[in-house]
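**Q** One structure follows; several queries about it will come next.
Each reported figure results from applying straightforward, stated rules to the coordinates on display, with no laboratory input. Predicted model only: the values in this text are computed from it and were never measured. All Cβ positions, even for glycine, are placed from backbone atoms using ideal geometry, and neighbour counts span all protein chains on display.
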Amino acid sequence: MSDPQLPPSGTGANSAEELIAGGKVMSIWDHLSELRSRVTRALLTVFVSFGLALAFVDPIINILKQPLLAVLPAGSKGLHFTGPLDVFMVDMKVAFLVGVVCACPFWLYQFWKFFEPALYPRERRFILPFMVASVVVFCVGIAFCYFLILPLSLKYLIGLGMEVGEPLITIKDYVSLLTVLTFGFGVVFEIPVLIVLLAMLDIISVEALTAYRRFIILAILLISAVIVPPDPISLVALAIPVYAMYELSIVVIRALKRRDAGQSG
């Protein structure tokens, strides 16, 4: 990252309450105002999405519970509830989950636009590609969770439990698990995008990424163990694609660096 053009002395630009953003000085209050505006817009889109999802929450729940029903033993009555508010709270939680997922292009856009003024003009060209990539990998992470990890985890865990008893799974517990896995996978799949962005901003280097590869593998395993249910199949199923994306991010960084070097040469 090149040195910024500092404004003349006496303008107060060196104050602790001011930051340089895109060649102009912004006070901390300007940043807080911008943050409030972006967060408000993001929450508004999530709220609208939440309302639309709430109108169709019953068919949505029927879709979301299919991975569980597929692994329950024959004759099982499916999901249960233990309290009068359980179904209502599940409806709210499912609508919120779907609202956040469906609104991800909008709130991720607000996220990237908030940081755009802090970048120099040559760095702002990365915003649109990374904005699109972050939406794509977030959706891929959720799809990967729903179609692969969730069925594998449920099959293993329910099979393990049936060795000692009969499954009696509540809708509240199932949706809680689904929510944690969905957001967890969506966020974890964002990591390669952030790595490439940090490298293009010269905050980290390819050399550092390759030198600390063994520690990255350990970190991926630890994060996977926290996110997925406590079974080895799910852990490995998450760790392998995340590590593959980490290696892919290194390849992408090298290609982008070579292209920039060729253009500057």
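**Q** Gain in length, Val87 to Ser27, computed as 0.36 nm per residue apart minus the alpha-carbon separation, to one decimal in nm? Show your work: numbers first, answer last.
**A** Working: separation 60, 0.36 × 60 = 21.60 nm, distance 4.72 nm.
In short, 16.9 nm is gained.
**Q** Here's another thing I want to ask about it. Could you give the length gained by full extension between Val132 and Arg254, i.e. 0.36 nm per residue of separation minus their alpha carbon distance, to one decimal place?
**A** Working: separation 122, 0.36 × 122 = 43.92 nm, distance 2.02 nm.
The Val132-Arg254 span can extend by a further 41.9 nm.
**Q** If amide H atoms are built 1.01 Å from N in the plane of the peptide, which residues on other chains or at least 5 residues away come under 5 Å of the amide H of Thr170?
**A** The list, which skips near neighbours in sequence, is His80.
**Q** Moving to a separate point now. Give a residue-ordered list of calculated ³J(HN,Hα) values for segment 66-71 (Karplus: 6.51 cos²θ - 1.76 cosθ + 1.60, θ = phi - 60°; whole Hz; x for Gly, Pro).
**A** Using θ = phi - 60°, the values come out as 4, x, 6, 4, 5, 10 Hz.
**Q** Can you find, among Phe130, Ala74, Val101, the residue sitting farthest towards the positive end of the charge dipole of the chain, where Lys and Arg contribute +1 and Asp and Glu -1 at Cβ?
**A** Final value for the positive-end residue is Phe130.
**Q** Per residue, how big is the convex hull of the chain when only Cα atoms are used? Give it in Å³. Walk me through the numbers on the way to the answer.
**A** Working: hull volume 42.2 nm³, N = 265.
Spread over its residues, the Cα hull of the chain gives 159 Å³ apiece.
**Q** Restricting to lysines 8 or more places apart or on different chains, can you count the pairs in the chain with Cα atoms under 19 Å from each other?
**A** Final tally of qualifying lysine pairs is 9.
**Q** Highest first, please rank the peptides 216-229, 172-185, 78-91 by the mean number of other Cβ atoms sitting within 10 Å of their residues. Don't skip to the answer; put the middle values down first.
**A** Numbers: 216-229: 16.5, 172-185: 18.6, 78-91: 13.7.
Answer by packing, highest mean first, reads 172-185, 216-229, 78-91.
**Q** Now for a different question. What does the charge dipole of the chain about its Cα centre add up to, to the nearest 20 debye, if the Cβ of each Lys and Arg holds +1 and the Cβ of each Asp and Glu holds -1? Show your work: numbers first, answer last.
**A** Numbers: 19 positive and 19 negative charges, 110 e Å.
Using Cβ point charges on Lys, Arg, Asp and Glu, the chain gives about 520 debye.
**Q** Calculate, in nm to one decimal, what Leu218 and Gln66 gain on full extension: separation in residues at 0.36 nm each, minus their alpha carbon distance.
**A** Values: separation 152, 0.36 × 152 = 54.72 nm, distance 3.33 nm.
Gain on extension, Leu218 to Gln66, equals 51.4 nm.
**Q** Give me the distance in nm between label points sitting 7 Å out from Cα along the Cα-to-Cβ direction at Arg122 and Phe147, one decimal.
**A** 4.1 nm
**Q** Please compute the modelled spin-label separation between Tyr243 and Thr170, points set 7 Å along Cα→Cβ, answer in nm with one decimal.
**A** 3.8 nm
**Q** Using the alpha-carbon atoms, what tilt in degrees (0 to 90, nearest 10) does helix 127-144 show relative to the longest principal axis of the chain?
**A** So the inclination is approximately 10 degrees.
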